[in-house]
1. Would you mind finding the one in 21, 34 that is modelled with pLDDT under 80 and either surrounded by 10 or more Cβ atoms within 10 Å (Cβ to Cβ) or touching a helix residue (DSSP H, G or I) at 6+ places or on another chain (Cβ under 8 Å) (or both)?
2. Could you list all residues from segment 80-110 that are assigned to a helix (DSSP H, G or I) and among the hydrophobic types (A, V, I, L, M, F, W, C)?
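The values are calculated or read from the model by the stated rules, or taken from the named source; none is laboratory data. The model shown is predicted, which means the values in this text are computed figures rather than measured ones. All Cβ positions, even for glycine, are placed from backbone atoms using ideal geometry, and neighbour counts span all protein chains on display.
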Amino acid sequence: MNMGEEDEYACVNRSRLVIKDDSGIKNKKKRKADKATEKVIEMEVKQPIKEHTPEQRRTKAELSFKKMQEKMQKQRTQRKAERTHKQRVEKFNQHLDSLTEHFDIPKVSWTK
């Protein structure tokens, strides 16, 4: 029986597993001269990007819409900040008290 088991595993590779690095990235030491040229290239690339900001590409209507949205948002926050939480709760309770009984949840009971 021992002989049969060896035959089954005869094709198995018993060597150590080797993990290969297929990332393709090689470590390259940078020199000071390379860093200087990289900074110059970055400055040249960033310069044209700054010239065409999204604000400049918008139409007058888009700019006025955005301005109006910001104005409305400021007004909303000011209205919310006028009253404290306690004042808002009191006003809400007064509103609920002013409602008629028509809006109350009806009692559902089989015994009474």
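1. Working: 21 fails: either surrounded by 10 or more Cβ atoms within 10 Å (Cβ to Cβ) or touching a helix residue (DSSP H, G or I) at 6+ places or on another chain (Cβ under 8 Å) (or both).
Exactly one residue qualifies, and that residue is 34.
2. Going residue by residue through segment 80-110, those that are assigned to a helix (DSSP H, G or I) are 80-82, 85-98, 101-103.
Those that are assigned to a helix (DSSP H, G or I) and among the hydrophobic types (A, V, I, L, M, F, W, C): 81, 89, 92, 96, 103.
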